[in-house]
Amino acid sequence: MLTSMAKFQRYMMIRYVLPLKGLSLASRILGQHYKNVYNDNKRKIKTVFRIVELYKPYVLFKGIFNDSNMENLEKKYSKLGLDDDDEEFNFDPKSIDWPDYMMNEHIPGLIKYALK
């Protein structure tokens, strides 16, 4: 597990960036024979770095969330005798279809707005 940005950058440098530089050198020596492969991989590595930079605050976050206020609100809500299935006041994150959310909401939004 890469626990810091420095470890991630070191890993990427050794595993991907340095070999890419070698490919660039080989391409120049061989008359740009590997230019397309180099450009494609360079673009992919750049995209990975952009995504990591975007998610850095969440991935390396060491905070602890306290949901006691949410639990208290749910208790008050249930004491009112309101239906637990009421969509407007559904606070249960387990009710979210996470794979569907990620594939149909989060990732398309990320591509459209963050990875321009």
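The values are calculated or read from the model by the stated rules, or taken from the named source; none is laboratory data. Note that the structure is predicted; figures quoted are calculated from it, not measured. For neighbour counting, all protein chains shown are included, and Cβ atoms are generated from backbone atoms with ideal geometry for every residue, glycine included. With ligands, DNA and RNA removed, areas are computed over all heavy atoms of the protein, side chains included. Shrake-Rupley method; radii C 1.70, N 1.55, O 1.52, S 1.80 Å.
Excluding ligands, DNA and RNA, the accessible surface per residue across the chain is 86 Å² with a 1.4 Å probe.
Would the chain count as rounded, prolate or oblate if I go by the C-alpha gyration tensor, calling it rounded below 1.5 in a/c and otherwise prolate when a/b exceeds b/c, oblate otherwise? Taking the square roots of the gyration eigenvalues as a ≥ b ≥ c, the chain is prolate. Per-residue extension of 0.36 nm, minus the Cα-Cα distance of ASN66 and ILE45, leaves a gain of 3.9 nm for this segment.
The loop-placed trypsin sites (Lys or Arg not before Pro) in the stretch 1-78, going by DSSP, that have at most 11 neighbouring Cβ atoms within 10 Å of their Cβ come out as LYS62.
For VAL52 and LYS79, a Förster radius of 41 Å and the Cβ-Cβ distance give a FRET efficiency of 0.35, rounded to the nearest 0.05. At an R0 of 41 angstrom, the distance between the Cβ atoms of LEU23 and TYR101 translates into a FRET efficiency of 0.65.
Computed over protein heavy atoms with a 1.4 Å probe, the carbon and sulfur contribution to the accessible area of the chain reaches 59%.
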